[in-house]
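Note sheet for the following structure.
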Amino acid sequence: MKEIRAYIQPFMLSKLTMALLDIPGFPGMSVSDCEGFGRSKASAAQDFSPFMAKKRIEIFAPEDMADRIAAVIMETANTHQPGAGTVYMLDVGKGARISTGQWES
């Protein structure tokens, strides 16, 4: 199992969600608001803060789907501008469904 974690521009969320829902068997995702900065920082304003608003997307998927999901994120969320976002893929040992108590790996 893999975790795909992406940080994207907030205005790209609807477009990305629709693209991910087109993947057969898409396992679902969690979305949260976050702020941060990397190489691209927010432009200086009167009350300077380097943090930029982003959406954090977390998807736990079977290994055979992870590359396709990551590719859809990379293609769909690309604004062709600095600060478009980042995608990470992490190994997950196992996870369980609380309602059934069944572990998945």
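The values are calculated or read from the model by the stated rules, or taken from the named source; none is laboratory data. Worth saying up front: this structure is predicted, and the values here are computed from it rather than measured. All Cβ positions, even for glycine, are placed from backbone atoms using ideal geometry, and neighbour counts span all protein chains on display. Surface areas here come from the heavy atoms of the whole protein model, side chains and all, with no ligands, DNA or RNA. Shrake-Rupley method; radii C 1.70, N 1.55, O 1.52, S 1.80 Å.
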### Structure-derived Rg/Rh (Cα atoms, Kirkwood Rh) - corresponding label in (1) 1.45; (2) 1.16; (3) 1.04
(3)
### Query
In the neighborhood of residue 85, defined by Cβ-to-Cβ distances under 11 Å, what is the net charge if each Lys or Arg adds +1 and each Asp or Glu adds -1?
+4
## Note on the structure
Taking a probe of 1.4 Å and leaving out DNA, RNA and ligands, the chain shows per residue an accessible area in Å² of 68
### Task
Select from the range 58-99 those trypsin sites (Lys or Arg not before Pro) which occupy a DSSP coil region and have at most 14 other Cβ atoms within 10 Å, ordered by residue number.
94, 97
#### Entry: C-alpha long axis of helix 63-76 to longest principal axis of the chain, angle in °
30
### Query
What number, rounded to the nearest 500 deg cm²/dmol, is the helix-based mean residue ellipticity at 222 nm of the chain, given -39500 (n - 2.57) per DSSP H run of at least four residues and division by all its residues?
-6500 deg cm²/dmol
### Summary
In whole percent, the fraction of accessible protein surface over the chain that belongs to carbon or sulfur atoms, probe radius 1.4 Å, stands at 52
### Query
Which number gives the lysine pairs in the chain that have C-alpha atoms under 18 Å apart and are eight or more places apart or on different chains?
5
